[in-house]
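Inspection log for the structure reproduced underneath, given as structure tokens.
The values are calculated or read from the model by the stated rules, or taken from the named source; none is laboratory data. No experiment lies behind these values; they were computed from the predicted model shown. Every residue, glycine as well, gets a Cβ built from its backbone with ideal geometry; the counts of neighbours run over all protein chains shown.
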């Protein structure tokens with residue numbers, strides 16, 4: 001006989017001539033000479049020294065073990081004393097009962113939706129991330145969920161997680177904020193064959209995400225082309241002068257013509273306008289010459305108008321002097337004052353009026 005002691009936290013498996021015989025727990029036990037023992041710690045996973053099926057025939061030993069069978073397309077989340085420990089992939093796992101409180105949650109990876117009771121804080125754990133697909137939809141977005149190339153549903157803003165498997169999962173997102181589309185540097189010909197470049201902008205919003213993402217490919221590009229073609233058509237019906245004068249009305253006409261057409265793209269036009277009309281080099285020189293000529297003509301008109309007004313004023317003054325002798329005398333004094341500023345000394349006689357004598361003096365000088 002052989003005396004064996006099993007300490008707390010351990011168990012022993014007794015084998016007789018190589019075959020499993022019984023399980024022994026804490027305490028002192030006596031073994032026969034043809035019996036041997038293998039001791040195990042209850043805090044560690046159990047590794048069977050022989051086929052597990054043979055050991056599980058002992059109901060006492062079976063009651064002491066957690067036997068976890070993880071199938072293909074499954075994982076098991078293992079918790080120890082209420083805390084997540086690890087994930088178990090496909091296979092068989094055996095743990096001792098009693099000392100550690102184990103909990104096992106089985107997750108079916110063959111489906112895409114995570115319906116198991118799993119705390120969200122664990123989704124970022126390195127042991128789980130390899131099994132999960134994550135999609136983010138921002139607060140200003142919506143998305144369509146496509147499973148195996150089939151539209152499934154529309155997703156609001158939020159974080160979406162799916163099990164990672166052979167099922168194809170895609171999401172397509174659209175920005176729901178007010179957006180702006182720029183049509184820059186469009187080279188167009190006006191009705192009078194003037195080459196111009198136009199910068200045009202359009203403000204819009206996505207209002208039907210299914211139409212925008214599922215019924216149309218690259219809805220933004222299609223919107224760009226639609227606006228470009230309508231703009232080209234309108235510009236071609238106006239001369240350069242009309243284009244420069246009616247930019248706002250042309251932009252409004254383009255808006256009215258396209259706002260109903262683009263609803264098939266799932267978008268709504270909010271506003272549009274012509275930002276710049278840029279002339280080519282040669283046309284710019286010609287327009288500058290026209291502008292200079294116009295300004296010169298305006299300057300000539302102003303000069304003629306001022307000359308006419310000055311002549312009319314002189315004529316009115318002469319008429320008043322002819323009718324009023326006192327005004328005539330005042331005018332004489334004004335002339336003398338002005339002449340005195342220019343000439344050091346003037347001698348006049350008392351014969352005739354001062355203005356007449358001064359007139360005679362200047363006539364002689366000429």
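Quick look at the values:
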quantity	calculated
Residue check for residue 128: touching a strand residue (DSSP E or B) at 6+ places or on another chain (Cβ under 7 Å), on the phi < 0 side of the Ramachandran plot and not in a strand (DSSP E or B)	yes
Flag for residue 123 being more than 18 Å from residue 266 (Cβ to Cβ) and modelled with pLDDT of 95 or more	no
Residue tally, condition free of Cβ contacts under 8 Å to residues at least 60 places away in the same chain, out of contact with any helix residue (DSSP H, G or I) (no Cβ under 9 Å at 6 or more places or on another chain) and surrounded by fewer than 18 Cβ atoms within 10 Å (Cβ to Cβ), over region 75-100	11
Residue 136 being within 18 Å of the chain's Cα centre (by Cα) and exposed (fewer than 13 other Cβ atoms within 10 Å of the Cβ)	yes
Residues (free of Cβ contacts under 8 Å to residues at least 12 places away in the same chain, under 29 Å from the mean Cα position of the chain (by Cα) and within 17 Å of residue 183 (Cα to Cα)) located in region 231-262	252, 259
Qualifying residue in region 187-195 (condition: within 27 Å of residue 75 (Cα to Cα), without any contact (Cβ under 8 Å) to a residue 40 or more places away in the chain and touching a strand residue (DSSP E or B) at 6+ places or on another chain (Cβ under 7 Å))	no
Residue within region 202-211 that is touching a strand residue (DSSP E or B) at 6+ places or on another chain (Cβ under 9 Å) and over 19 Å from residue 260 (Cα atoms) present	no
When residues of region 5-48 are limited to those that are within 29 Å of residue 81 (Cβ to Cβ) and touching a helix residue (DSSP H, G or I) at 6+ places or on another chain (Cβ under 8 Å), the one surrounded by the most Cβ atoms within 10 Å (Cβ to Cβ)	13
Any chance residue 107 is over 35 Å from the mean Cα position of the chain (by Cα), touching a residue at least 40 places away in the same chain (Cβ under 8 Å) and in a loop (DSSP other than H, G, I, E, B)	no
Residue check for residue 14: at pLDDT 90 or above, assigned to a strand (DSSP E or B) and within 18 Å of residue 98 (Cβ to Cβ)	no
Residue 72 being surrounded by 13 or more Cβ atoms within 10 Å (Cβ to Cβ) and either touching a strand residue (DSSP E or B) at 6+ places or on another chain (Cβ under 7 Å) or within 30 Å of residue 124 (Cα to Cα) (or both)	no
